[in-house]
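Encoded as structure tokens, the structure appears first; notes follow it.
The values are calculated or read from the model by the stated rules, or taken from the named source; none is laboratory data. Please read all numbers here as calculations on a predicted model, not as lab measurements. Here the Cβ is made from the backbone with ideal geometry for all residues, glycine too, and neighbour counts use every protein chain on show. Please note that ligands, DNA and RNA were not included when accessible areas were found on the heavy atoms of the full protein model with its side chains. Shrake-Rupley method; radii C 1.70, N 1.55, O 1.52, S 1.80 Å.
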Amino acid sequence: MITLTKSIICLMLGFIFSIIIGIFIIPFFKKCHIGQKVSKLINARHLKKEGTPTMGGIIFISSTLFIMLILFLNNNISFSLNFLIIILIFILYAFLGFLDDYIKVRKQNNKGLSIIFKFLMQSLIAILFFTFFLLSGNNTVVNFYFFTLDLKFLYGILILFMLVGSSNAVNITDGLDGLAAGLCAISFLSYGIIAWNSPYIIGNEEIAIFCFTLVGSLLGFLTFNFYPAKIFMGDLGSLSLGATLAAISIILKSEISLIIIGFVFIIETLSSFIQIVSIRYFHKKIFLKSPLHHHFEMLSFNESEIIKMFYCVGLICSLIALIYISFH
């Protein structure tokens with residue numbers, strides 16, 4: 001009951017702090033001309049978003065970290081190695097995204113960090129993750145519904161694959177106002193509930209509180225990011241959110257749940273991959289435009305309709321995942 005109370009309070013605090021930070025950050029970013037450069041290859045309706053402030057991920061990231069720090073200083077939470085892993089992933093991927101955004105804003109184009117440099121940094125972060133993961137006494141067993149599989153040191157490859165895949169999937173999904181932020185709020189809410197029910201995981205209480213704090217912060221951010229957006233989260237936000245989702249699923253020993261909870265992110269990524277392969281090797285488009293949310297735009301769905309539809313799918317998938325976990 002204490003964890004539940006703390007989680008709800010932190011959710012509300014996250015929302016309030018996010019609103020306050022957003023009120024000050026948005027005018028400051030506008031003044032500094034930290035704006036989004038929109039590619040002409042995207043739907044023409046998006047060109048009017050040119051110049052909208054970006055790097056808004058700082059709103060929910062700083063809000064969440066500030067509340068975690070306050071809780072720690074007041075002895076309301078403790079930093080286990082498991083919880084430290086999640087905080088490190090949250091910060092390191094935010095920094096990687098910041099570098100990407102900074103280069104884009106500085107050069108006034110959509111070309112940020114090179115793919116090679118990004119992958120190198122992500123690999124180093126994954127090695128750090130795996131080292132702390134083993135030091136914390138976690139096992140390398142992946143739990144499927146009917147059987148388990150011990151990957152041993154191959155678990156490090158799984159960590160890299162999940163971090164890279166999830167961070168890029170959220171980044172790809174972040175193409176409509178409020179789409180990625182809303183879906184991530186649903187996903188982190190699900191993992192907060194899963195963490196409540198994982199007393200055997202060291203740091204489960206802190207992980208649950210972190211998830212609920214981030215949900216509140218994302219909801220606060222959505223008041224500025226929902227259509228029509230006053231600010232975008234940028235790579236700073238999307239890479240951090242995606243990697244942290246993967247990190248939490250790994251720490252909670254619920255790796256398979258990420259496939260269900262992150263179903264919309266996976267479909268968005270697959271639609272882009274399929275489109276690229278189809279055009280390159282068969283010279284034919286499968287979708288009118290990729291990723292999938294742009295395909296629906298080309299079918300004359302308005303932005304709000306697409307966002308609501310994707311939210312519903314994300315919510316249903318999260319409920320299915322919670323049912324799966326309860327019987328696992």
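General remarks:
- Just one of (1) open to solvent by 80 Å² or more (accessible area, probe 1.4 Å); (2) at pLDDT 95 or above fails for Cys317. It is (1).
- Qualifying residue in the stretch 82-103 (condition: of a type in the set (A, V, I, L, M, F, W, C), touching an Asp or Glu at 6+ places or on another chain (Cβ under 7 Å) and part of a helix (DSSP H, G or I)): yes
- Looking across the stretch 104-118, the residues that are exposed (fewer than 14 other Cβ atoms within 10 Å of the Cβ) and part of a helix (DSSP H, G or I) come down to Arg106, Lys107, Ile115, Ile116, Phe117.
Residues are listed down the side, and each one gets a yes or a no for (1) in contact with a helix residue (DSSP H, G or I) (Cβ under 6 Å, 6 or more places away or on another chain); (2) in contact (Cβ under 8 Å) with a residue 40 or more places away in the chain; (3) farther than 21 Å from Phe95 by Cα; (4) of a type in the set (Val, Ile, Thr):
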| residue | (1), (2), (3), (4) |
| --- | --- |
| Leu160 | yes, no, no, no |
| Leu189 | yes, yes, yes, no |
| Glu206 | yes, yes, yes, no |
| Thr244 | yes, yes, no, yes |
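- Considering the conditions (1) among the β-branched types (Val, Ile, Thr); (2) outside any loop (DSSP other than H, G, I, E, B); (3) modelled with pLDDT under 95, Ile77 is excluded by exactly one of them, (2).
- Members of the stretch 104-140 found to be of a type in the set (D, E, K, R) and modelled with pLDDT of 90 or more, listed by number: Lys118
- Top-ranked residue in the stretch 18-31 [being under 30 Å from Pro291 (Cβ atoms) and open to solvent by less than 80 Å² (accessible area, probe 1.4 Å); ranked as modelled with the lowest pLDDT]: Phe29
- Failed condition for Ala126, given (1) in a helix (DSSP H, G or I); (2) open to solvent by less than 50 Å² (accessible area, probe 1.4 Å); (3) over 18 Å from Ser166 (Cα atoms): (3)
- Residues satisfying the stated conditions in the stretch 258-289, i.e. more than 15 Å from Leu183 (Cα to Cα) and open to solvent by less than 90 Å² (accessible area, probe 1.4 Å): Leu270, Ser271, Ser272, Ile274, Gln275, Val277, Ser278, Ile279, Phe287, Leu288, Lys289
- Filter result (among the β-branched types (Val, Ile, Thr), in a helix (DSSP H, G or I) and in contact (Cβ under 8 Å) with a residue 60 or more places away in the chain) within the stretch 129-155: none
- Of all residues in the stretch 195-223, those satisfying the criterion of being surrounded by fewer than 24 Cβ atoms within 10 Å (Cβ to Cβ), more than 17 Å from the chain's Cα centre (by Cα) and assigned to a helix (DSSP H, G or I) are Trp196, Asn204, Glu205, Thr223.
- Residue in the stretch 277-297 that is touching a residue at least 40 places away in the same chain (Cβ under 8 Å), under 30 Å from Leu134 (Cβ atoms) and among the basic types (Lys, Arg) present: no
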